[in-house]
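The values are calculated or read from the model by the stated rules, or taken from the named source; none is laboratory data. Predicted model, so just to flag it, every value in this text is computed and none were measured. Virtual Cβ from ideal backbone geometry, glycine too; neighbours counted across all protein chains shown. What goes into the accessible areas is simple: the full protein's heavy atoms, side chains included, and nothing from ligands, DNA or RNA. Shrake-Rupley method; radii C 1.70, N 1.55, O 1.52, S 1.80 Å.
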Amino acid sequence: MPMGFEDVSIEDFAMAIPDGAKVAIPADYAGVSMEATRALIRRRVKNLHLVGVPTSGLQAELLIGAGCVKIFESSALTLGEYGPAPRFTKAVREGSIDLIDATCPAIHTGLQASQKGIPFMPLRGILGSDVLKNHPGWKVIQNPFANEEDPIVAIPAIQPDIALFHAPLADRDGNVWIGRKRELVNMAHASKAAFVTVDAISETSLFETEEKAAGVLPALYVGKVSVAPNGSWPLPFWNGAEVDDAHMRRYMDMAKSDEGFQDYLNEFILQETVPA
């Protein structure tokens, strides 16, 4: 059973994520813990290093807008059909966050290196790109097995302190069901611990059936679990919930200005006006 698994409120869950932590967060399609995001903003977390795996959206946008982020490392921050992320755009223009631009394969490669306990992994596809020219940590090396010149890029290991995501189920032993979302496995294995919000608790072991067992993240990798039904709202969730289109459009309208964004925080996060 992970430490603090029983009766962990979302506020205590967020308090366990320290200022300055390096936190891996998934793309919108993989299971975003928006409930934890709101709790982190309420507790005024500072200086986070967010790693979008391999992209991020509203989660990083809100944390950046609320002044919780020092470094954002990812291949993109996008709100998709709703348009450019206004708070992220403002932060980049003003230089209030440090931006480490990457690519989707490079983010996964860095996490895989950490997962395997090695200092780096090679990747070839970004040779010659401007992303490579401007990344602070990537190095071009010679393939040691080639007799002729054969450059390859060494991607350093990315080891987050915490992998933060939302899942449908955990059981009383602290195992978490993530289905086919294997990127969450990579995140959890690469990080020191996974912090997971879940819709519900299973009273039977998730390892009891072959159907469930194949999609289980063992408790060995899980640091904390908090029950947060509909915890991905307003984002979609692969286990059934659809995006709250009206809310996303309202956010985009409010977040155009500093005053409007603060009004959004006051209404939907600081006062926790969230639908049942």
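For the range 50-64, the criterion of a residue being at pLDDT 95 or above, open to solvent by 20 Å² or more (accessible area, probe 1.4 Å), on the phi < 0 side of the Ramachandran plot and not hydroxyl-bearing (S, T, Y) is satisfied by no position.
Every listed requirement among (1) over 28 Å from A228 (Cα atoms); (2) touching a strand residue (DSSP E or B) at 6+ places or on another chain (Cβ under 8 Å); (3) of a type in the set (D, E) is met by D171 save one, (1). Could you list, in sequence order, all residues of the range 179-212 that are assigned to a loop (DSSP other than H, G, I, E, B), open to solvent by less than 40 Å² (accessible area, probe 1.4 Å) and hydrophobic (A, V, I, L, M, F, W, C)? Selection gives L206 alone.
Filter the range 120-160 down to the residues that are touching a helix residue (DSSP H, G or I) at 6+ places or on another chain (Cβ under 7 Å) and modelled with pLDDT of 95 or more and list them by number. Step through it out loud before you land on a result.
If we filter the range 120-160 for residues that are touching a helix residue (DSSP H, G or I) at 6+ places or on another chain (Cβ under 7 Å), which is where we start, we get 120-121, 123, 125-126, 138, 153, 155-160.
Selection gives F120, M121, L123, W138, V153, I155, P156, A157, I158, Q159, P160.
Annotation: of all residues in the range 159-178 being open to solvent by less than 10 Å² (accessible area, probe 1.4 Å) and not in a strand (DSSP E or B), the one that is nearest to S56 (Cα to Cα) is P160. Hey, can you tell me all the residues within the range 147-158 that are surrounded by fewer than 21 Cβ atoms within 10 Å (Cβ to Cβ), of a type outside the set (D, E) and touching a strand residue (DSSP E or B) at 6+ places or on another chain (Cβ under 9 Å)? Once the filter is applied, which keeps residues that are surrounded by fewer than 21 Cβ atoms within 10 Å (Cβ to Cβ), of a type outside the set (D, E) and touching a strand residue (DSSP E or B) at 6+ places or on another chain (Cβ under 9 Å), the range 147-158 yields P151, I152, A154, P156, A157. Return the residues of the range 91-133 that are within 21 Å of the chain's Cα centre (by Cα) and basic (K, R); say none if nothing qualifies. Across the range 91-133, the qualifying residue is only K116.
Evaluation of D98 against the conditions (1) of a type in the set (D, E); (2) closer than 28 Å to M15 by Cα; (3) in contact with a Ser or Thr (Cβ under 9 Å, 6 or more places away or on another chain) shows that the sole unmet condition is (3). For the range 227-276, filtering for residues that are open to solvent by less than 40 Å² (accessible area, probe 1.4 Å), closer than 26 Å to V8 by Cβ and among the hydroxyl-bearing types (S, T, Y) leaves 1. When only residues in the range 202-250 that are among the polar types (S, T, N, Q) and within 19 Å of the chain's Cα centre (by Cα) count, which is nearest to I17 (Cα to Cα)? Among those that are among the polar types (S, T, N, Q) and within 19 Å of the chain's Cα centre (by Cα), it is S226.
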